[in-house]
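In what follows, a structure is listed as structure tokens, so that the remarks can point back to it.
Only the coordinates and a few stated rules stand behind these numbers; no lab work does. It should be emphasised that the depicted structure is a prediction, and the values quoted were computed from it without experimental measurement. Counting neighbours? That spans all protein chains shown, and the Cβs are built from the backbone with ideal geometry, glycine included.
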Amino acid sequence: GRPTPRAWLDTMGDVLKAFEDKKLDFDNWLKTQPPAIEIGITTATNALQGGVLGFTLGMVNGNLEKQAASMPNKPPTMAGGSFSGPPKVLALNLAVFSAVQGGLTLAVKKYRGKDDITTNMIGMLGAGAALSLTTNLGDQPAAPGQVKPTTPIGYAIDAVRTGVLFATLNGAFMKIGQYFTGKNTVQDVYYYHTVGMLTALGLEKYEKNFRRGLLMDDCLALLSDSALKEVKIPAGPRLKILNYVVASKAHMAAFSAQQQQLQVAPVKEEGGLAQV
């Protein structure tokens, strides 16, 4: 018979959970790679996500314009601009914007060692400038009231102006978010995984002990009972932390073995076909 709504929801939940698990495995693997590879892959994945989103929005906008055209009193539509146009144009704009924003933000975060408002504003500055150049150099028509530049100096001025606008808005929104939540989003990238581990275990109050002993993320796999005792962490929390580290090592080992099997499988199949 036909699946019930409950069964369908359970299936979708299982699919989403499996996807989240794979994404977590991929994120953990990515963070173990050299900075250049991590930044490159992040840029590429952001470009793909932005392209898919842009193409989808372009199709939605096209359908809305067709519906509006059939109305007696046709409402005005946006004829041009960075976030309008055919699906391919919008896909390119958002792919470039997302790629530069994600890649540049990560690069600056790695360089500065902080994930704060300044880091994110620099990423948005570059993304806004890249979006301006992509829009102005393409065949996309200008938005109503906008005049597209035609000289290199004009392109540069508009890129800087757009970048500053995006960076300023991003910084303002982040400041407002901090004001209402009472939280500072500054994160020290050298203790990013350490803070995540302590939060997951409910041991956030021992973060200062890790910092006092300079036990950064690259020390997690080397943690021992004596090292934790040296930074004055009690026995109970020490056991929880060490158990977490052991489980994480086992998880990463299983994931690496799975990746190796996936790489070896096609080779075996090709060998079998060659023998036939």
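Residues whose amide H comes within less than 5 Å of that of residue 116, counting only those at least five positions distant or on another chain, are 187 (H built at 1.01 Å from N in the peptide plane).
Between residue 207 and residue 116, the contour length at 0.36 nm per residue exceeds the alpha carbon distance by 30.9 nm.
Each peptide in 102-111, 85-94, 231-240, 248-257 receives the mean, over its residues, of other Cβ atoms within 10 Å, and ordering these scores from highest gives 85-94, 102-111, 231-240, 248-257. Each of residue 258 and residue 192 was given a label point 7 Å from its Cα along the Cα-to-Cβ line. The distance between the two points is 2.2 nm.
Note on residue 239 and residue 200: the extension gain reaches 12.6 nm, defined as 0.36 nm multiplied by sequence separation minus the Cα-Cα distance. Each label point was placed 7 Å from the Cα along the Cα-to-Cβ direction; for residue 33 and residue 153 their separation is 4.3 nm.
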